[in-house]
1. Looking only at segment 115-131, filter to residues that are over 16 Å from the mean Cα position of the chain (by Cα) and not small (Gly, Ala, Ser); which one of those is surrounded by the fewest Cβ atoms within 10 Å (Cβ to Cβ)?
2. Could you count how many residues in segment 103-159 are at pLDDT 90 or above and acidic (Asp, Glu)?
3. Exactly one of these conditions fails for THR182: (1) at pLDDT 85 or above; (2) surrounded by fewer than 22 Cβ atoms within 10 Å (Cβ to Cβ); (3) not hydrophobic (A, V, I, L, M, F, W, C). Give me its number.
4. Which of the residues that make up segment 7-50 are surrounded by fewer than 24 Cβ atoms within 10 Å (Cβ to Cβ), of a type in the set (D, E, K, R) and closer than 20 Å to ILE138 by Cβ?
5. Mind checking which pairs have a first residue in segment 1-17 that is among the β-branched types (Val, Ile, Thr) and a second that is buried (at least 16 other Cβ atoms within 10 Å of the Cβ), Cβ under 6 Å, 6 or more apart or different chains?
6. When the residues of segment 48-102 are narrowed to those that are of a type in the set (A, V, I, L, M, F, W, C), under 24 Å from LEU180 (Cβ atoms) and modelled with pLDDT under 70, which ends up farthest from the chain's Cα centre (by Cα)?
7. Six or more apart or on different chains, Cβ under 6 Å: which pairs go from a residue in segment 125-136 that's farther than 11 Å from GLY54 by Cα and of a type in the set (S, T, N, Q) to one that's assigned to a helix (DSSP H, G or I) and modelled with pLDDT of 95 or more? Could you list them?
Amino acid sequence: MGFVQIVMIALALAMDAFAVSLAAGSSGQVSTQRAAVRLSFNFGLFQFLMPIIGWFLGIKILPLISSLDHWVAFFLLFIVGFRMIRSGFDKQGRTFSKDPSRGITLVILSIATSIDALAIGLGLAMLGIKIIYPCLVIGIITAILSFLGIRTGNRLGIKFGKKMEILGGLILMGIGTKILITHLFLS
């Protein structure tokens, strides 16, 4: 998997965190530099760790499903992408009544925005891709986009975040389709 594909996956995965960051910034509850760094760092950290967990799970089951690995990767990416698109069309915006960069809210948001990365890690294991480099790219891009989302949230609002979620879902579905076509017709 090339750098451009890794960046596309990272951007797609970061859309949930970006959307939540926009909402957090729009709420006015993440108003200090420290809170913005704390929230974006945790989003990036969880996006880094979840694919590693998924990858190790994938390595354990790879021998059992190696003849179907491209289908598994396709369906995981397609399902995650569909979920992101569906969430993007949901009219209910996320709002925060207190600082989401602290306590249990921070942990819950970090897990919720990175659960898709677990499936990506599983898919990368199925494709036999080494995991650390993609995870670093995913984590760094997520942290940067989250920070930017927080800082621009007041100006851009929830609508832009929802559109980004839809775009991220479409990107994941496109990558899944490319993997399937490559394995079915070009291998």
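1. My answer is LYS130.
2. Of the residues in that region, 0 qualify.
3. Just one mismatch for THR182, condition (1).
4. ARG38 - this is the single residue of segment 7-50 that is surrounded by fewer than 24 Cβ atoms within 10 Å (Cβ to Cβ), of a type in the set (D, E, K, R) and closer than 20 Å to ILE138 by Cβ.
5. As it stands, the answer is ILE6/PRO134; ILE6/VAL137, since those pairs meet every condition given.
6. Only one residue fits best here, namely ILE65.
7. Filtered contacts from segment 125-136: no entries.
The values are calculated or read from the model by the stated rules, or taken from the named source; none is laboratory data. These numbers were taken from a predicted model, which means no experiment stands behind them. Quick reminder, even Gly has a Cβ in these numbers, built from the backbone with ideal geometry, and neighbours come from all protein chains shown.
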